[in-house]
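The values are calculated or read from the model by the stated rules, or taken from the named source; none is laboratory data. Everything numeric here is computed off the predicted structure, so don't read it as measured data. Every residue, glycine as well, gets a Cβ built from its backbone with ideal geometry; the counts of neighbours run over all protein chains shown. SASA here: full protein model, heavy atoms, side chains in, ligands and nucleic acids out. Shrake-Rupley method; radii C 1.70, N 1.55, O 1.52, S 1.80 Å.
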Amino acid sequence: MDTLMLMLWCMALGAIGAVALARMGDLAARPSLAKLRAVGYHLSVFLLVLVLSGVLRQAVHPGARWLQALQVLAGPVCVGLANFWIHGWLAAAQRDRLMAGVLRCSAFALPLLALAVPWVVPQELQLPMALALSLAGSGVTCWLAFRAWMHGDRLALVMTAGCLLALPALGGLYAIAMHPGVWWPVAQGVVALAVTLGNALTGRMLWQRERHVWRTRETGSAPAVDPVTRLHSSAALVQRLVQSQQRRLRTRREGAMLAVTVFDAERIATQVGAAGLNEVWMAVAARVQRQVGVMNPVGRYWDRCFVALVETIPDRGWLRGFGLRLAASLRKPIEVTGRDGEPVRVQVEAGVGVVHLAAVHPEVEDVLDEVQRLAEAARAMPSRAAAPDAASGRPVPIEQARWGRRQRRRRAPVAAPDLALQ
């Protein structure tokens with residue numbers, strides 16, 4: 001490796017290392033599993049470039065057998081780690097069983113297959129086999145990220161672009177490792193640029209999703225964010241629902257819509273005042289968002305009613321546990337600031353309505369009508385969560401619901417709610 005190429009790859013490593021150091025600082029400031037995974041990913045990319053670009057060979061002169069073993073492991077291990085953290089980033093377990101299963105299997109299978117390569121593949125074919133494993137795993141990640149975007153995850157499109165850049169980056173790095181000294185400086189510069197841009201794009205998306213999660217996470221007190229600015233408005237929510245309906249007609253995926261209605265807003269306002277009531281709205285919104293995940297939209301449909309859409313669900317049985325968890329979360333006391341400035345614990349009386357959305361489902365207005373009716377009916381149920389009966393369509397406790405097909409009936413619209421109370 002000549003001096004120019006050494007400088008080029010040291011600059012690429014410096015850019016990747018700077019991102020990793022920034023994420024380490026973020027991890028130290030606010031530790032979380034997602035941040036730890038992000039740091040692990042950036043470090044794996046750093047080691048991948050260090051091993052395959054020739055910088056490690058130039059710096060420490062490892063033995064030929066040890067260097068080749070590291071090169072065989074570098075790509076599959078890096079891609080496996082990427083699939084491990086993207087499983088959590090995409091909320092694959094909540095979104096799609098196929099997505100979750102493929103990402104989990106590839107995250108474990110790629111490193112294991114790479115370990116087996118030196119034992120079952122001739123030496124001259126080991127690096128091409130490692131390249132094939134890496135490209136296959138990265139291609140699967142790219143496809144699943146694009147699939148998540150098709151299902152409504154807006155951040156997943158940029159993540160797809162980052163995964164696409166990983167394909168020429170991996171191919172170029174392994175080509176350099178297999179044929180050192182043959183590549184022109186311009187070609188190596190293109191590979192280095194693809195590696196650096198791909199790492200930057202994925203790092204940006206990791207940070208943006210984590211920032212959204214942090215903003216919607218409820219700690220010991222109500223989040224200090226105005227609910228009007230952090231939630232979708234009624235009109236924006238309906239627009240998102242219509243867009244989701246159009247996507248799911250193409251993808252044939254099943255989903256769910258839920259409504260949360262708070263019944264005792266007047267009592268809370270009398271107890272803690274308007275400012276305390278606003279803190280209650282923020283806390284309720286945060287709890288709903290935490291349950292549905294940051295990739296799914298939540299909106300304040302009217303002053304006492306929040307509506308959320310879960311665009312894809314693993315199966316219909318998942319809705320039962322989901323509705324019960326949300327209702328249990330809403331029953332927990334909320335600490336707000338009282339009229340005298342002292343903290344006050346407030347118990348909210350709320351009902352949860354959950355509607356299953358088939359691949360072909362009714363109009364948005366009909367679903368909103370039904371889910372609000374269920375949330376109102378949940379007030380009389382012990383679990384405070386209701387779902388429609390599969391046969392009659394009447395509200396039943398969600399723990400007794402049977403998620404089968406039923407004939408849809410047209411209902412008269414719900415009377416317009418009183419919007420005076422804020």
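Step through the residues of region 256-264 one at a time and calculate ³J(HN,Hα) from phi using the Karplus curve (6.51 cos²θ - 1.76 cosθ + 1.60, θ = phi - 60°), rounding each to whole Hz and writing x for Gly and Pro.
These are the phi-based 3J(HN,Hα) values: 7, 10, 9, 10, 10, 10, 9, 9, 10 Hz.
Can you tell me, using C-alpha contacts under 8 Å and at least 6 residues apart, the relative contact order of region 93-217 as a whole percent?
On the way: 85 pairs, mean separation 26.7, N = 125.
Once normalised by length, the contact order is 21 percent.
Evaluate the distance, in nm, between pseudo-label points positioned 7 Å from the Cα of E335 and of L157 along their respective Cα→Cβ axes.
Between E335 and L157, the simple spin-label model gives 4.2 nm.
Give me the percent of accessible area attributable to carbon and sulfur for the chain, probe 1.4 angstrom. Please report the intermediate quantities before stating the final value.
Working: 12330 of 19440 Å².
Looking at the chain in its full context, I get 63 percent from C and S.
Helix-derived [θ] at 222 nm for the chain: sum -39500 (n - 2.57) over DSSP H runs of at least 4, divide by residue count, nearest 500?
Numbers: 14 runs with 269 residues, N = 422.
It lands at -22000 deg cm²/dmol.
When the Karplus curve 6.51 cos²θ - 1.76 cosθ + 1.60 is applied with θ = phi - 60°, which whole-Hz ³J(HN,Hα) does each residue of region 287-299 get, with x for Gly and Pro?
Rounded to whole hertz, the list is 5, 5, 5, 5, 6, 8, x, 6, 7, 9, x, 10, x.
Can you list the residues, at least 5 places off or on another chain, whose amide H is less than 5 Å from the amide H of A385, using H built in the peptide plane?
V352, I398
What shape does region 27-122 have by the C-alpha gyration tensor, where a ≥ b ≥ c are the square roots of the eigenvalues, rounded means a/c under 1.5, and otherwise prolate means a/b greater than b/c and oblate the rest?
Working: a/c = 3.75, a/b = 1.48, b/c = 2.54.
Oblate.
Would you pull out the residues with amide H under 5 Å of Y301's amide H, same chain only if 5 or more places away, H placed 1.01 Å from N?
F306, V307
If we count every other residue with Cβ under 13 angstrom of V344's Cβ, Lys/Arg +1 and Asp/Glu -1, where does the sum land?
On the way: positive: R267, R339, R345; negative: E279, E335, D340, E342.
Local charge sum for V344: -1.
Over the chain, with a Gaussian network built from C-alpha contacts below 10 Å, which listed residue (L47, L357, L115) shows the highest mean-square fluctuation?
L115
Of V121, V39, V336, which has the largest mean-square fluctuation in a 10 Å C-alpha GNM of the chain?
Looking only at V121, V39, V336, the largest GNM fluctuation is found for V121.
Report M129's accessible area, 1.4 Å probe, all protein chains in place, as a number in Å² to the nearest 10.
Here the residue's solvent-accessible area equals roughly 80 Å².
So what's the angle, to the nearest 10 degrees on a 0 to 90 scale, between helix 364-377 and the longest Cα principal axis of the chain?
Approximately 60 degrees, to the nearest 10.
So how much slack lies between V186 and Q208, counting 0.36 nm per residue of separation and subtracting their Cα-Cα distance, in nm? Write out the running numbers ahead of the final one.
Values: separation 22, 0.36 × 22 = 7.92 nm, distance 3.26 nm.
Going from the current span to full extension adds 4.7 nm.
Run the 1.4 Å probe and let me know the accessible area of L112, rounded to the nearest 10 Å².
110 Å²
Taking θ = phi - 60°, what integer Hz values does the Karplus form 6.51 cos²θ - 1.76 cosθ + 1.60 yield along region 238-250, in sequence order, with x for Gly and Pro?
Rounded to whole hertz, the list is 4, 4, 5, 5, 5, 4, 5, 4, 5, 5, 6, 5, 7.
How would you order 305-312, 328-335 from highest to lowest mean count of nearby Cβ atoms within 10 Å? Let's see the in-between values first.
Values: 305-312: 26.1, 328-335: 16.0.
Going from most to least packed, we get 305-312, 328-335.
Simple spin-label model, 7 Å along Cα-to-Cβ: R97 to E349 in nm?
My value for the distance between the label points is 4.0 nm.
Tell me, which cysteines of the chain are without a disulfide-compatible partner by the Cβ under 4.7 Å rule?
C10, C78, C105, C305
Running a GNM on the chain with Cα contacts under 10 Å, which residue among A274, A401, A28 ends up with the highest mean-square fluctuation?
A28
Considering the zone a paramagnetic label at V120 would reach in this model (a point 7 Å from Cα along the Cα-to-Cβ line), which residues of region 68-88 have amide N under 14 Å from it?
Once the point is set 7 Å along Cα→Cβ of V120, nothing inside region 68-88 turns out to lie under 14 Å by backbone N.
Given a 1.4 Å probe, how much area per residue of the chain is accessible, in Å²?
Numbers: 19440 Å² over 422 residues.
Each residue of the chain exposes 46 Å² on average to a 1.4 Å probe.
Between 0 and 90 degrees, rounded to the nearest ten: what's the tilt of helix 185-216 against the longest Cα principal axis of the chain?
20 degrees
How high is the relative contact order of region 243-328, in percent, with contacts defined as C-alpha pairs under 8 Å that are six or more residues apart?
Details: 78 pairs, mean separation 33.6, N = 86.
Here the relative contact order equals 39 percent.
Pairwise over distinct Cα atoms, reciprocal of the mean inverse distance: report the Kirkwood radius of the chain in Å, one decimal place. Provide the component values of the computation, followed by the final result.
Values: mean 1/r = 0.0418 Å⁻¹.
About 23.9 Å, per the Kirkwood formula over Cα pairs.
Give the relative contact order (percent, whole number) for the chain; include only Cα pairs under 8 Å separated by 6+ residues.
Working: 651 pairs, mean separation 55.8, N = 422.
So the answer I get is 13 percent.
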